[in-house]
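See below for the structure under consideration.
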Amino acid sequence: MRRPIVIGNWKMNGDSVSIRDLLGGLTSQWSGVHQAEVAVCAPYPYLGLCADQLENTNIGLGAQDLSVQSSGAYTGEVAGQMLTDVGCGYVLVGHSERREYHAESSELVANKFQAALDAGLIPVLCVGETLEEREAEKTYDVVGKQLLAVVEHCGLAGVAKGIVAYEPVWAIGTGKTATPEMAQDVHSYIREVLGPEGDQVRILYGGSVKPETAEGLFSQKDIDGALVGGASLQAGDFVAICRAAE
Ligand code: PGA
């Protein structure tokens with residue numbers, strides 16, 4: 001049995017006032033015991049604030065990136081151990097916005113995945129194709145390569161300690177969601193690539209997930225939850241998506 005999980009990715013949004021407010025909404029609407037696991041990935045400067053406000057709640061905390069290095073002269077970088085130290089349990093690696101705007105290669109992403117495991121964090125590996133790649137029928141090829149780079153570096157057993165998020169780039173922040181069937185096809189392919197470990201790995205869908213589309217996606221057998229960007233900035237919408245995962 002894979003426990004469903006919904007993770008919010010706030011990206012570079014919010015300030016201390018709006019984040020306190022959002023956390024207040026989330027903690028009041030998601031109290032008690034739930035079948036689904038829930039976490040939010042906040043911008044670095046607010047992790048401490050979030051850790052305080054999420055203490056003794058059932059909402060976990062994550063960061064959106066980490067360094068491959070564990071300490072030293074790496075100006076501007078943040079080590080996995082620092083994230084654990086301030087209360088994070090999760091970290092995104094290889095989000096398409098990092099791959100695209102920061103030229104992160106699959107090799108670098110694989111190193112980050114391992115750095116996260118070494119720091120005791122649960123890495124959430126993001127993979128997904130662009131529109132051009134989908135139209136050229138390269139979806140499996142692209143997603144397979146992104147995944148195998150991490151498998152080669154960390155082993156299947158290493159990947160199985162993390163979470164995979166399938167996020168078609170053309171669906172991120174565009175309002176275009178993959179249909180449940182389109183997402184299911186790629187999810188089942190990812191599970192196949194992960195071989196014997198595949199059954200236990202949670203695979204999330206991400207890309208314009210909204211309360212209205214969540215139910216259909218979660219009804220697919222290989223979709224174990226969601227990575228939610230825009231809709232995670234509204235407590236009501238995010239909690240509605242979390243409820244749909246139960
Ligand atoms: P979105 O973002 O839900 O706003 O499309 C998803 C993501 O980038 O993780």
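Details
Listed here are the residues, each with its yes/no results for (1) more than 23 Å from G225 (Cα to Cα); (2) open to solvent by 60 Å² or more (accessible area, probe 1.4 Å); (3) touching a residue at least 12 places away in the same chain (Cβ under 8 Å).
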position	(1), (2), (3)
Q81	yes, yes, yes
G87	no, no, yes
E97	no, no, yes
Y101	yes, yes, no
E104	yes, no, no
L121	no, no, yes
C126	no, no, yes
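- Residues in the range 52-75 that are aliphatic (A, V, I, L, M) and surrounded by 15 or more Cβ atoms within 10 Å (Cβ to Cβ): L54, I59, L61, A63, L66, V68.
- Neighbours by Cβ (under 7 Å, 6+ apart or cross-chain): first from the range 141-158, within 15 Å of S96 (Cβ to Cβ) and modelled with pLDDT of 95 or more; second surrounded by fewer than 19 Cβ atoms within 10 Å (Cβ to Cβ) and of a type in the set (D, E): V142/E133; A149/E107
- Of residues in the range 4-21 being within 14 Å of Q53 (Cβ to Cβ) and open to solvent by 20 Å² or more (accessible area, probe 1.4 Å), the one nearest to the ligand (Cβ to nearest atom): G14
- Cross-chain or 6+ apart pairs with Cβ under 6 Å, the range 215-240 first and on the phi < 0 side of the Ramachandran plot, then among the polar types (S, T, N, Q) and near the ligand (Cβ under 8 Å from one of its atoms): L227/N9; G229/N9; F238/S232
- When A110, A116, A165 are checked against the criterion of being in contact with a His (Cβ under 6 Å, 6 or more places away or on another chain), at pLDDT 95 or above and either assigned to a strand (DSSP E or B) or open to solvent by less than 10 Å² (accessible area, probe 1.4 Å) (or both), A110 stands alone in meeting it.
- Taking the range 224-243 as the range and being open to solvent by less than 10 Å² (accessible area, probe 1.4 Å) and either outside any strand (DSSP E or B) or near the ligand (Cβ under 10 Å from one of its atoms) (or both) as the test, the residues that pass are A226, L227, V228, A231, S232, F238, V239, I241, C242.
- The listed residue being closer than 26 Å to T213 by Cβ and free of Cβ contacts under 8 Å to residues at least 12 places away in the same chain, out of E167, E132: E132
- The residue that is farthest from the ligand (Cβ to nearest atom), among those in the range 175-193 that are open to solvent by 40 Å² or more (accessible area, probe 1.4 Å), closer than 14 Å to E129 by Cβ and of a type outside the set (D, E, K, R), is Y189.
- Just one of (1) within 11 Å of the ligand (Cβ to nearest atom); (2) of a type in the set (A, V, I, L, M); (3) in contact (Cβ under 8 Å) with a residue 40 or more places away in the chain fails for V209. It is (3).
- From the options E212, E197, residue that is over 28 Å from S31 (Cβ atoms) and either open to solvent by less than 10 Å² (accessible area, probe 1.4 Å) or charged (D, E, K, R) (or both): E197
- Filtered residue count, the range 136-154, keeping only those that are aliphatic (A, V, I, L, M) and under 15 Å from V201 (Cα atoms): 4
The values are calculated or read from the model by the stated rules, or taken from the named source; none is laboratory data. A quick note: this is a predicted structure, and the numbers were derived from the prediction, not measured. Positions of Cβ are generated from backbone atoms using ideal geometry, with glycine treated the same way; all protein chains shown enter the neighbour counts. The protein model used for the area step is the full one, side chains on, heavy atoms only, and it has no ligands, DNA or RNA in it. Shrake-Rupley method; radii C 1.70, N 1.55, O 1.52, S 1.80 Å.
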